[in-house]
Each structure stands twice: as C-alpha cells, then as structure tokens.
Amino acid sequence: MLSFIEALSALGVVELPLHGQRFTWTNKQLSPLLERLDWFFTSQSWTNSFPDTFVTTLTMETSYHSPCLISINTTIPKGKVFRFENYLMEHEHFLNIVQHGWALPTFQSDPAKVITAKFKNLRRVMRAWQAQLSSLKANIANVKLVLNFLGLLEEFRDLSLQEWNFRHILEQRLISLLKQQKIYWK
C-alpha cells in the first residue's frame, strides 16, 4: 500500500472527491457490509483545465456495486433537437394531435414554404404534447432516485424489513422499466 501511495505522490495526481454515497459496494443483507472500492484520480493540469470535474455515485440498481459517473462541466451550448418517438403512434390521441398540428394556418403562398411551415407547426405541437406525457425516462429516474435514497439511508442505519422489501420491489420494477427501455431503443 505504501508503494502505491508513493507512486501516486510521484505522479502528482489529485484525488477527485466522491459525491453522493460514501460507499460503492454492499452485500445487500439486512445488516449490510458497506465498502468503498472505487477511487478516482486526475492530473493537476487536467484539474486546472477542467476545474468542475467531479465524481458522483449512481443508483445501485440490480448489482451489489454502485456505478460511478465522472462529470466534466463545460460551457458548450446544447441545441434542442426534436425527435419523433415511435411509441407516440400507439397513443390514443396521436392522430388527433397530428391533424391539429397539420391544420394550423400557414401564411405562405409558395407550396414549398407551406409544407415547411406545416412541418414546423406539427413539430411545435408534437413537442408540447410530448412534454405533457409521462415518460419512461422520468419513471426510471424516479425509481432510481428512491433506490438511491434507500442506499443513503442504509449507510446510516439498517433498513427495516418493510424498507428492505420495498427496495426489492423497486429493483424488480426498475428491471421491468429497463426492459421496456430496451424495447424502446430497438
């Protein structure tokens, strides 16, 4: 261990702090064994170039190990891209929404500009409609949030039997949602 510490010191690396849970592994027992197995290091030049670099633990989903995410914040702007999702066609109101968006008035005389304006209207209406729908991504994020909370709670005390069972139910729900997401991405 001393040789490892000396090597880190000789390289001049800096440890990135871990945000979120203090531990990255558990045996998921009623009285859990919690360990930190993951450590993250960077060079001083990296830290100077990207001072907003940090590590967070993600939700321990079905594994005994928490995945970790290294985030590098930049000031590069992101554009908002409209993506049509195939699952929308299965929604009962899909045709009505499309008809409404397509029927909105366009004040163009050139046929090419008319069709372009109609597609822009349709995109605007579809984007607004999509924002109102419950999304698979949001459901997954909510389940992960509760699982993360239970993981944090477990760091300070043992979970009650009800909490432990609830976590198990949430893990099963997450597996189901992730299967749906896999189908979505296919």
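For the stretch 5-16, the count of residues that are under 30 Å from residue 142 (Cβ atoms) and at pLDDT 85 or above is at least one.
May I ask you to verify whether residue 121 is in contact with a helix residue (DSSP H, G or I) (Cβ under 6 Å, 6 or more places away or on another chain), without any contact (Cβ under 8 Å) to a residue 24 or more places away in the chain, more than 30 Å from residue 59 (Cα to Cα) and not assigned by TED's automatic domain parsing to the domain that holds residue 62?
On the way: in contact with a helix residue (DSSP H, G or I) (Cβ under 6 Å, 6 or more places away or on another chain): yes; without any contact (Cβ under 8 Å) to a residue 24 or more places away in the chain: yes; more than 30 Å from residue 59 (Cα to Cα): yes; not assigned by TED's automatic domain parsing to the domain that holds residue 62: yes.
Yes, satisfied.
Residue-by-condition table, conditions (1) small (Gly, Ala, Ser); (2) assigned to a strand (DSSP E or B); (3) modelled with pLDDT under 90:
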site: 32; (1), (2), (3): no, no, yes
site: 37; (1), (2), (3): no, no, yes
site: 45; (1), (2), (3): yes, no, yes
site: 48; (1), (2), (3): no, no, yes
site: 51; (1), (2), (3): no, no, yes
site: 54; (1), (2), (3): no, yes, yes
site: 59; (1), (2), (3): no, no, yes
site: 62; (1), (2), (3): no, no, yes
site: 69; (1), (2), (3): no, yes, no
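Test residue 166 against the criterion of being of a type in the set (A, V, I, L, M, F, W, C), in the same structural domain as residue 55 (by TED's automatic domain parsing) and at pLDDT 90 or above, and give yes or no.
Working: of a type in the set (A, V, I, L, M, F, W, C): yes; in the same structural domain as residue 55 (by TED's automatic domain parsing): yes; at pLDDT 90 or above: yes.
Here the answer is yes, as residue 166 does meet what is asked.
Residues in the stretch 35-46 include none that are in contact (Cβ under 8 Å) with a residue 40 or more places away in the chain, more than 22 Å from residue 130 (Cβ to Cβ) and either outside the structural domain of residue 160 (by TED's automatic domain parsing) or surrounded by 10 or more Cβ atoms within 10 Å (Cβ to Cβ) (or both). The residue that is nearest to the chain's Cα centre (by Cα), among those in the stretch 137-186 that are over 13 Å from residue 59 (Cβ atoms) and of a type in the set (Lys, Arg), is 137.
When you check residue 161 against the structure, is it in contact with a Leu (Cβ under 9 Å, 6 or more places away or on another chain), loosely packed, with under 12 Cβ neighbours inside 10 Å and not small (Gly, Ala, Ser), yes or no? Before you say what the answer is, go through the steps one by one.
Working: in contact with a Leu (Cβ under 9 Å, 6 or more places away or on another chain): yes; loosely packed, with under 12 Cβ neighbours inside 10 Å: yes; not small (Gly, Ala, Ser): yes.
The answer is yes for residue 161.
Of the residues making up the stretch 1-30, those that are surrounded by 15 or more Cβ atoms within 10 Å (Cβ to Cβ) and either part of a loop (DSSP other than H, G, I, E, B) or of a type in the set (Gly, Ala, Ser) (or both) are 20, 21, 23, 24, 28.
More than 18 Å from the chain's Cα centre (by Cα) and outside the structural domain of residue 125 (by TED's automatic domain parsing), is that true of residue 71? Full working, then the answer.
Values: more than 18 Å from the chain's Cα centre (by Cα): no; outside the structural domain of residue 125 (by TED's automatic domain parsing): yes.
So residue 71 fails the test.
The values are calculated or read from the model by the stated rules, or taken from the named source; none is laboratory data. Computed from a predicted model, the values in this text were never measured in an experiment. Cβ atoms come from the backbone with ideal geometry, glycine included; neighbour counts cover every protein chain shown.
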